[in-house]
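Asker: Quick one: the structure is below, and I'll ask about it shortly.
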Amino acid sequence: MNRRLFVKNAALAASAMMVPGRSVSRDRSIRLTILHSNDMHSRIEPMPDDGRRYAGLGGMAQRAAIIKKIRATEENVLLLDAGDIFQGTPYFNFFGGELEFKLMSEMKYDAATIGNHDFDNGIDGLYKMLPHANFPFLCANYDFSGNILHNRFQPYKIFQKDQLNIGVFGLGIELKGLVNDHLSGGTRYLDPIAIAKEMVLELEKKNCHLIICLSHLGYKYSRGKVSDHTLAEQVSGIDLIIGGHTHTFLEMPTLYKNREGHETIINQVGWAGIRLGRIDYVFNRKRSKSVEISSPILIH
Amino acid sequence: MQRKVQMNKLPSPYREFTRYFLPGLLMVLLACSPAYTPGSDVKAQNMEVNKNLAADSTITAMIQPYKADLDREISMIIGWAGEKLDNAPGRGESKLGNFVADLLLIQSEKKYGEPIDMAIINAHGGLRSTISQGPISMENIFELMPFENNMLVLELSGSLTRQFFDNCAKTKRNNIAEAKFTVVGNKATDISIGGKPFDPNRRYTLTISDYLANGGGGFGFLSQAKVIADLNYKTRDMIIDHIKDLSAQKKKAWGQLDGRIKIIN
């Protein structure tokens, strides 16, 4: 390429970045809103109002209304789910997860990962439901080679929001003891720590400004089992872990600083769609200090 | 277009500068500035969702036909109970426990195609509701057995069989089919299986939920038992199918207490 042509191309590239009507100031900050759910367990309607625990809570139509309201004021929204979409109400027993996926598609979910209960109708049951989901399932540590789900899922996806690249990858829990062999159909579980390290390298190489892990490993265990805390401890580079499996209700996300000084935010919102998680970032071109999480004044 | 015309009026070197060099310089400046990083001030809020909030009308409309189908399915009457079938936690056998244990054995043998020695149901804990006298709806059975447990057939050695009965005696949460025993303290005595006294030198087959077989209810020792069949048949579906079978034969569901578990304090 001759020099003049190069300059011309560079100039074109630069002008392409100038979106009309927006300031191109180099100090411009970009807002990003992450909304998330986990372990919704087929809870389509709010919990029956019959005096049980969590009576009247949850409901996908109500969640959708909140999400719409947020989308009306926030330009850059990512809506994510950390698995166990299936199982828990007769909606799943009768329709196999069809309605869950259709509603999530209508709500414009950007991605979900796979939980152990998503295997409850076997790999065939999950496969059959996939056409009802218009969002990708991300899972980096399940090896489906040789079964029907082979090549159906991707390990990660990079979302472009304004000038930001947001890398999201998924991790699933060990299937042995949780999912019967005839349901998992020979799906192999791979070490989530080793895989997460590979994912971080890959996403950093692809210039991601934020790395999110959608995890169905569980928040924390008293004995040895790999959890979101283990992940934050052993893998530097993940900015945010959106967790599930343990049905943990966190009032506020946990900030975990590991030995290398890397800070990871871990959040989880119980189960059954009782809560919707919201995390707001502001990106700018300044070197940032230690992360501080605070709750916003606004209450919906 | 207009802008292009104006640019063309400029003398050539200026035109070159404005068109190519200036944006290029901008680009270089942009590339030199530090990359975007998430700011340190992160706002978070885990918001409650509840029925009092406005509902999205599109989602509500999408749910409606499924809800109508479901209401119809779930209110479907699948059979009749001749009497109330209730649990008796801590008191050994119960009408509900015996009814379910017996039907699990019948339906398991039907699916397995061979006789099975005995069946177990963790009646207290596993059966979450009762069956009332009169019509039985699908919804009743979902309430009775909300879990997605799957039935397995195990083969137990004599010593595992002994541990099996001792755990039943200790917890007093389980009901059984085709077996009898007496609880003295926390031990099972006077055990008979299929009408014959327990023989510690033979092996016995047992139909059981995967929940118990995987160590639930204090049955951790069953990990040493051999799984001889995964029936791929849910506990709930066995209950539903059995009540439907009874109904097809114009029979009602009845409970029976026959002294299969006696408790002596």
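Asker: For residues that are part of a loop (DSSP other than H, G, I, E, B) and more than 10 Å from every other protein chain (Cβ to nearest Cβ), tally how many sit in the range A:87-117.
Answerer: 8
Asker: In this structure, is A:GLY59 at pLDDT 95 or above and either more than 30 Å from B:SER75 (Cα to Cα) or facing another protein chain (nearest Cβ under 10 Å) (or both)?
Answerer: Numbers: at pLDDT 95 or above: yes; either more than 30 Å from B:SER75 (Cα to Cα) or facing another protein chain (nearest Cβ under 10 Å) (or both): yes.
For A:GLY59, the condition - at pLDDT 95 or above and either more than 30 Å from B:SER75 (Cα to Cα) or facing another protein chain (nearest Cβ under 10 Å) (or both) - is met.
Asker: List pairs: first residue in the range B:59-80 and under 30 Å from B:GLN133 (Cα atoms), second residue of a type in the set (Lys, Arg) anywhere in the structure, Cβ distance under 7 angstrom, at least six positions apart or on different chains.
Answerer: That search, which allows pairs on different chains as well, returns B:ILE78/B:LYS244; B:GLY79/B:LYS244; B:TRP80/B:LYS252.
Asker: Another one. Please go through the range B:110-134 and pick out each residue that is of a type in the set (Asp, Glu) and touching a residue at least 12 places away in the same chain (Cβ under 8 Å). Don't jump to the end; show me each part of the working.
Answerer: So the first thing to find is which residues in the range B:110-134 are of a type in the set (Asp, Glu), and the list is B:114, B:117.
Of everything in the range B:110-134, just one residue is of a type in the set (Asp, Glu) and touching a residue at least 12 places away in the same chain (Cβ under 8 Å), namely B:ASP117.
Asker: Among (1) over 27 Å from A:GLN87 (Cα atoms); (2) in contact with a Cys (Cβ under 7 Å, 6 or more places away or on another chain), which single condition is B:ASP199 missing?
Answerer: (2)
Asker: Can you tell me which of A:ASP162, A:ASP118 is charged (D, E, K, R) and crowded, with 21+ Cβ neighbours inside 10 Å?
Answerer: Only one candidate qualifies: A:ASP118.
Asker: Which of the residues spanning the range B:183-208 are in a strand (DSSP E or B), at negative phi and surrounded by fewer than 18 Cβ atoms within 10 Å (Cβ to Cβ)? Let's see the steps before the verdict.
Answerer: So the first thing to find is which residues in the range B:183-208 are in a strand (DSSP E or B), and the list is B:183-184, B:187-193, B:196-197, B:204-208.
Adding the requirement that they be at negative phi leaves B:183-184, B:187-189, B:191-193, B:196-197, B:204-208.
The answer is B:VAL184, B:LYS187, B:THR189, B:SER192, B:LYS196, B:PRO197.
Asker: Can you go through A:GLY218, A:GLY273, A:GLY277 and tell me which one is part of a loop (DSSP other than H, G, I, E, B), within 9 Å of chain B (Cβ to nearest Cβ) and touching a residue at least 12 places away in the same chain (Cβ under 8 Å)? Full working, then the answer.
Answerer: Values: A:GLY218 fails: within 9 Å of chain B (Cβ to nearest Cβ); A:GLY277 fails: part of a loop (DSSP other than H, G, I, E, B).
Being part of a loop (DSSP other than H, G, I, E, B), within 9 Å of chain B (Cβ to nearest Cβ) and touching a residue at least 12 places away in the same chain (Cβ under 8 Å) holds for just one of A:GLY218, A:GLY273, A:GLY277, which is A:GLY273.
Asker: Exactly one condition in (1) part of a helix (DSSP H, G or I); (2) crowded, with 20+ Cβ neighbours inside 10 Å; (3) more than 22 Å from the chain's Cα centre (by Cα) is not met by B:LEU104; state its number.
Answerer: Checking B:LEU104 against (1) part of a helix (DSSP H, G or I); (2) crowded, with 20+ Cβ neighbours inside 10 Å; (3) more than 22 Å from the chain's Cα centre (by Cα), the one that fails is (3).
Asker: Is it the case that some residue within the range B:110-120 is of a type in the set (Ser, Thr, Tyr) and under 30 Å from B:SER157 (Cβ atoms)?
Answerer: yes
Asker: Answer with yes or no whether B:GLY255 is over 25 Å from B:LYS110 (Cβ atoms) and either within 23 Å of the chain's Cα centre (by Cα) or surrounded by 19 or more Cβ atoms within 10 Å (Cβ to Cβ) (or both). Break it down into steps so the answer makes sense when it comes.
Answerer: On the way: over 25 Å from B:LYS110 (Cβ atoms): no; either within 23 Å of the chain's Cα centre (by Cα) or surrounded by 19 or more Cβ atoms within 10 Å (Cβ to Cβ) (or both): yes.
No.
Asker: B:ALA55 fails exactly one of the following numbered conditions: (1) within 7 Å of chain A (Cβ to nearest Cβ); (2) surrounded by fewer than 17 Cβ atoms within 10 Å (Cβ to Cβ); (3) not aromatic (Phe, Trp, Tyr). What is the number of that condition?
Answerer: (2)
Asker: Being more than 22 Å from B:THR58 (Cβ to Cβ) and either facing chain B (nearest Cβ under 7 Å) or surrounded by 24 or more Cβ atoms within 10 Å (Cβ to Cβ) (or both) is the filter here; which residues of the range A:33-48 pass it?
Answerer: Within the range A:33-48, A:ILE34, A:ASN38, A:ASP39 qualify.
Asker: Also, I was wondering about something else. Suppose the filter is surrounded by 22 or more Cβ atoms within 10 Å (Cβ to Cβ) and farther than 25 Å from A:ASP120 by Cβ; does B:ALA213 pass it?
Answerer: No.
Asker: Return yes or no: is A:ILE265 without any contact (Cβ under 8 Å) to a residue 40 or more places away in the chain and closer than 23 Å to A:ASP162 by Cα?
Answerer: Values: without any contact (Cβ under 8 Å) to a residue 40 or more places away in the chain: yes; closer than 23 Å to A:ASP162 by Cα: yes.
When the stated conditions are applied, A:ILE265 passes them.
Asker: On to the next question. Do we have any residue at all in the range B:135-152 that's more than 14 Å from chain A (Cβ to nearest Cβ) and either out of contact with any Leu (no Cβ under 8 Å at 6 or more places or on another chain) or free of Cβ contacts under 8 Å to residues at least 12 places away in the same chain (or both)? Lay out the reasoning, then the answer.
Answerer: Going residue by residue through the range B:135-152, those that are more than 14 Å from chain A (Cβ to nearest Cβ) are B:135-136.
Imposing the further condition that a residue be either out of contact with any Leu (no Cβ under 8 Å at 6 or more places or on another chain) or free of Cβ contacts under 8 Å to residues at least 12 places away in the same chain (or both) reduces the set to B:135-136.
Within the range B:135-152 (the criterion being more than 14 Å from chain A (Cβ to nearest Cβ) and either out of contact with any Leu (no Cβ under 8 Å at 6 or more places or on another chain) or free of Cβ contacts under 8 Å to residues at least 12 places away in the same chain (or both)), the answer is yes, since at least one residue qualifies.
Asker: Hey, another quick one. If we keep just the residues of the range A:179-199 that are within 12 Å of another protein chain (Cβ to nearest Cβ) and either farther than 27 Å from B:ALA213 by Cβ or surrounded by 16 or more Cβ atoms within 10 Å (Cβ to Cβ) (or both), which is modelled with the lowest pLDDT?
Answerer: Of all residues in the range A:179-199, those within 12 Å of another protein chain (Cβ to nearest Cβ) come to A:179-183.
Of the ones still in play, those that are also either farther than 27 Å from B:ALA213 by Cβ or surrounded by 16 or more Cβ atoms within 10 Å (Cβ to Cβ) (or both) are A:179-180, A:183.
Details: A:VAL179: 83, A:ASN180: 77, A:LEU183: 86.
That would be A:ASN180.
Asker: Name the one entry in A:MET17, A:MET47 that is more than 30 Å from A:TYR189 (Cα to Cα), out of contact with any helix residue (DSSP H, G or I) (no Cβ under 9 Å at 6 or more places or on another chain) and at pLDDT below 95. Before the answer, list the steps.
Answerer: Working: A:MET17 fails: out of contact with any helix residue (DSSP H, G or I) (no Cβ under 9 Å at 6 or more places or on another chain).
None of the other options fit; the residue is A:MET47.
The values are calculated or read from the model by the stated rules, or taken from the named source; none is laboratory data. All values derive from a computational prediction rather than experimental measurement. Positions of Cβ are generated from backbone atoms using ideal geometry, with glycine treated the same way; all protein chains shown enter the neighbour counts.
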